[in-house]
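Peer 1: One structure is given below, represented as structure tokens, and several questions about it will come after.
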Amino acid sequence: MATRLNSRYDNQREALATYFDSTARQAWIDLTSDAKVSGIRATVRAGREEMRATLLSWLPDDLRRTRVLDAGCGTGAFSIAAACRGAEVTGIDVAAGLVEVARERTPSFIGHGRIHWKSGDMLDPDLGSFDHVVAMDSLIHYQPADLANALAELAERTTHSILFTFAPRTALLQTMYTVGKLFPRSDRSPAIVPTLEWEIRHRLGQLPGWKIGRTKRISSGFYTSQALELVRH
């Protein structure tokens, strides 16, 4: 049973909205385009592209008559790809400015698919229910308990699968995040919470009606993220 998240989640969500709509807005727009970026950000871009392809490969090729929630859509690449497979997508992000960029980048023709762009909380129950939920690198900023509770809330309104990523806690990753403070501010990531895989599995193992499916870790320079699939019994 989902537990309504506490003020820690709300405070972090608001901090992320401020960060991505101000300090990091242009950097994020550049990162998710073909603009020239620093070597560090180029590795992040490559890693994110591989992760997006992985999550897309875990969804059906034909998504017609299927509702998909892109929870933390950013500038919209995943939403657009899912819509091109025929899905009815709700792309939502806390950063309203990035959602506007996503809307501007939407092709004029996306086949049978549709996209509803929204800014706000990915956990808003007014968004309705979905066949699949995808949260790519949007929960990596939350403590493990808050991440698990967020997934529990999403699970109550999802009928098939939830695909999400977390930042795996490894000795190398901890070191990289520590030394990352030495780099120029323009090359720093927002606060990320490295999490032990066994802790995530333990928390999600208590989610009634769901089982853990596929997993894949992707490392590309300064990008390290692990995808995990939750599937309805």
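Peer 1: Given (1) surrounded by 16 or more Cβ atoms within 10 Å (Cβ to Cβ); (2) modelled with pLDDT of 95 or more, where does residue 170 come up short, assuming only one miss?
Peer 2: The failed condition is (2).
Peer 1: Which number in (1) over 24 Å from residue 227 (Cα atoms); (2) open to solvent by less than 20 Å² (accessible area, probe 1.4 Å) marks the one condition that residue 70 misses?
Peer 2: Just one mismatch for residue 70, condition (1).
Rundown of residues vs (1) open to solvent by 20 Å² or more (accessible area, probe 1.4 Å); (2) among the charged types (D, E, K, R), yes/no style:
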{"site": "21", "(1), (2)": "yes, yes"}
{"site": "44", "(1), (2)": "yes, no"}
{"site": "56", "(1), (2)": "yes, no"}
{"site": "77", "(1), (2)": "yes, no"}
{"site": "96", "(1), (2)": "yes, no"}
{"site": "105", "(1), (2)": "yes, yes"}
{"site": "113", "(1), (2)": "no, no"}
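Peer 1: OK, next. Within the stretch 121-133, identify whether any single residue is closer than 21 Å to residue 33 by Cα and either out of contact with any Asp or Glu (no Cβ under 7 Å at 6 or more places or on another chain) or in a helix (DSSP H, G or I) (or both), and answer yes or no.
Peer 2: So far as the stretch 121-133 goes, no, none of its residues is closer than 21 Å to residue 33 by Cα and either out of contact with any Asp or Glu (no Cβ under 7 Å at 6 or more places or on another chain) or in a helix (DSSP H, G or I) (or both).
Peer 1: A further question on this structure: Anything in the stretch 88-117 that is in contact (Cβ under 8 Å) with a residue 40 or more places away in the chain and among the aliphatic types (A, V, I, L, M)? List them, or say none.
Peer 2: 94, 95, 96, 98, 101, listed by residue number.
Peer 1: Out of all the residues in the stretch 79-90, which are at negative phi and open to solvent by less than 40 Å² (accessible area, probe 1.4 Å)?
Peer 2: Hits for the stretch 79-90 are 79, 80, 81, 82, 83, 87, 89, 90.
Peer 1: Right, another one. Could you list, in sequence order, the residues of the stretch 134-152 that are assigned to a helix (DSSP H, G or I) and open to solvent by less than 20 Å² (accessible area, probe 1.4 Å)?
Peer 2: 144, 146, 147, 148, 150, 151, 152
The values are calculated or read from the model by the stated rules, or taken from the named source; none is laboratory data. This one's a predicted model, so the numbers in the text were calculated from it and none came from an experiment. Counting neighbours? That spans all protein chains shown, and the Cβs are built from the backbone with ideal geometry, glycine included. The area values use the complete protein model at the heavy-atom level, side chains included, leaving out ligands, DNA and RNA. Shrake-Rupley method; radii C 1.70, N 1.55, O 1.52, S 1.80 Å.
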